[in-house]
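Working notes, beginning with the structure itself.
Read the figures in this text as sums done on the coordinates, not as results from a lab. Not measured: the values here are computed from a predicted model. Every residue, glycine among them, receives a Cβ derived from its backbone with ideal geometry; neighbour counts consider all protein chains shown.
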Amino acid sequence: MLQEVALGTKSLADYTHLVGRGLVEEIRELAGELEGKRVLHISATAFGGGVSEILYTLVPLMRDAGLDTHWQVIMGREEFYNATKLLHNSLQGDPATLTAEQWELYDHYNEVNAKSIEDEWDVIIVHDPQPAGMRRIAEDQAKAWIWRCHIDLSEPNPEPIARLLPLITEYDMSVWHMQQYVPAGMDGHGGVHIVPPAIDPLSPKNMAFAPDDASFVCDQFGIDVDRPLICQVSRFDPWKDPMGVIDAYRIVTEEVPEVQLALVGSMATDDPEGWEFFQSTIQHADSDPDINIFNNLNNVGAIEVNAFQSQSDVAMQKSTREGFGLTVTEALWKGRPTIGGDVGGIPLQIVDGEGGFLVSSPEQAAQRSIEILTDPELGRKLGRAGKERARERFLTPRLLRDWLRMFGELDL
Ligand code: UDP
């Protein structure tokens with residue numbers, strides 16, 4: 001019933017030159033105590049979104065460190081995913097919540113999936129709310145259960161959080177991106193750990209490109225690689241504020257007329273609201289030939305995202321609300337000066353004036369873009385500082401180290 005995700009192999013040794021020998025040695029030492037421990041990650045999907053992005057690297061590296069690690073995804077029908085999408089949104093503040101029948105579906109699918117867990121595990125890590133109810137049913141299947149939250153639960157709709165809290169407080173540990181995302185009611189329950197996510201510096205999306213290769217790819221998408229580029233990579237979602245990015249770009253053109261903008265965003269084919277917002281973004285661009293809007297239907301995959309980010313003179317993430325913002329780490333890691341909205345996980349990544357700038361309006365985003373575009377040395381300096389911050393804090397080996405430390409606190 002649970003589907004095992006097939007994974008490639010990764011070797012921690014390949015990361016030594018990027019994260020330093022000290023961290024790799026610390027990982028080996030922690031892993032020595034955990035040799036052969038059986039770890040199961042459970043998530044709702046293996047495609048799209050931050051959770052799968054992280055697990056495709058974390059799980060192979062955990063294996064390389066000597067733990068017998070697996071990743072399995074739960075099964076459900078459309079009715080279950082409709083309910084969990086509503087749950088996801090309402091936990092982040094949307095007033096719409098699940099009907100009584102949808103809660104029954106939630107419980108039903110959690111029970112069916114929980115009963116299909118095979119084998120005994122040292123640790124089961126459940127990612128996000130969709131499978132959170134499995135522990136109750138399958139408690140005996142693991143020595144310890146950890147709930148990993150990837151979303152912001154600081155201002156939830158009261159009804160769904162009241163349903164979720166009794167489930168998650170029973171876990172032996174819970175892990176959150178930031179302290180402010182932990183809802184009231186978790187106090188005193190299990191170990192609450194704050195661990196931000198991370199990116200894989202060796203994945204196709206983040207591996208080092210020769211500058212010529214990045215421009216070669218961007219050129220094929222109609223970007224003039226001899227002119228400056230501002231780029232935002234993100235879903236077409238109001239909280240990512242692509243309209244605000246267009247407004248900022250228009251102000252920049254007054255001082256830097258040769259500037260171009262690229263908005264790169266993935267789209268789910270079954271998300272009508274997303275398409276509507278995408279259409280409004282195109283209308284807002286008003287046929288400006290220097291505003292380039294791409295989505296995955298234009299064949300923009302990991303390599304293309306890498307190329308656009310690497311080619312940017314200014315990387316933008318002008319969100320008005322943001323869980324963590326992996327795109328910010330991705331841009332910083334590529335040494336790009338990055339301008340981000342002063343919300344959610346972005347200030348954790350960009351210290352204002354180091355790595356880039358934090359902004360709260362299109363005007364500020366424009367002003368900071370102009371400063372960077374008219375002073376290449378400033379851009380280089382910010383880029384270098386941002387890359388170092390990404391290296392120290394937001395690459396997967398650090399995340400692996402944190403997981404091993406947490407396992408060490410459990411009586412496995
Ligand atoms: N992404 C992508 N293609 C796109 C848009 C986004 O691959 O067209 C990736 C992006 O590179 C990042 C992830 O999707 O790895 C988005 O994560 P983030 O935390 O920035 O935002 P979320 O979409 O989870 O709110």
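Remark: relative contact order (the range 279-385) = 23 percent; criterion is Cα-Cα distance under 8 angstrom and separation of 6 or more residues.
Distance from the Cα centroid of the range 91-121 to that of the range 64-89 is 10 Å (rounded to whole angstrom).
When N is the residue count of the range 196-239, what does its C-alpha Rg come to as a fraction of 2.2 N^0.38 Å? Provide the component values of the computation, followed by the final result.
Details: Rg = 13.5 Å, N = 44, 2.2 N^0.38 = 9.3 Å.
In units of the globular-protein estimate, the range 196-239 measures up at 1.45.
Computed from point charges on the beta carbon alone (+1 for Lys and Arg, -1 for Asp and Glu), the dipole magnitude for the range 36-103 about its Cα centre is near 260 Debye.
The range 369-399 and the range 33-56 have their alpha-carbon centroids 29 Å apart. Ordering Ser369, Ser203 by the number of other Cβ atoms within 10 Å of each residue's own Cβ, fewest first, gives Ser203, Ser369.
Hey, what number do you get for the chain at 222 nm if only DSSP H runs of n ≥ 4 count, each worth -39500 (n - 2.57), divided across all residues, to the nearest 500?
-13500 deg cm²/dmol
Which distance in Å, rounded to a whole number, links the C-alpha centroids of the range 216-233 and the range 299-367? If you average the Cα positions of each part, the centres end up 17 Å apart. For Ile303 and Asp140, the difference between the fully extended length at 0.36 nm per residue and the C-alpha to C-alpha distance is 54.4 nm.
When DSSP beta bridges are restricted to pairs lying wholly in the chain, around 5% turn out antiparallel.
Our estimate of slack between Leu18 and Ala100, defined as 0.36 nm per intervening residue step minus the Cα-Cα distance, is 24.5 nm. So for the chain, averaging the separation of alpha carbon pairs under 8 Å that are six or more residues apart and normalising by length, what relative contact order in percent results? Relative contact order for the chain comes out at 15 percent. On the basis of the beta-carbon distance and an R0 of 22 Å, Thr9 and Met207 show a calculated FRET efficiency of 0.85. For the range 269-322, the calculated P(r), taken from all Cα-Cα distances in 5 Å bins from zero up to the bin holding the longest distance, is 4, 14, 18, 26, 28, 10, 1 percent.
In this structure, the pairs whose alpha-carbon distance is over 29 Å, taken from Lys10/Lys143; Lys10/Lys115; Lys115/Lys205; Lys205/Lys381; Lys10/Lys37, are Lys10/Lys115; Lys115/Lys205.
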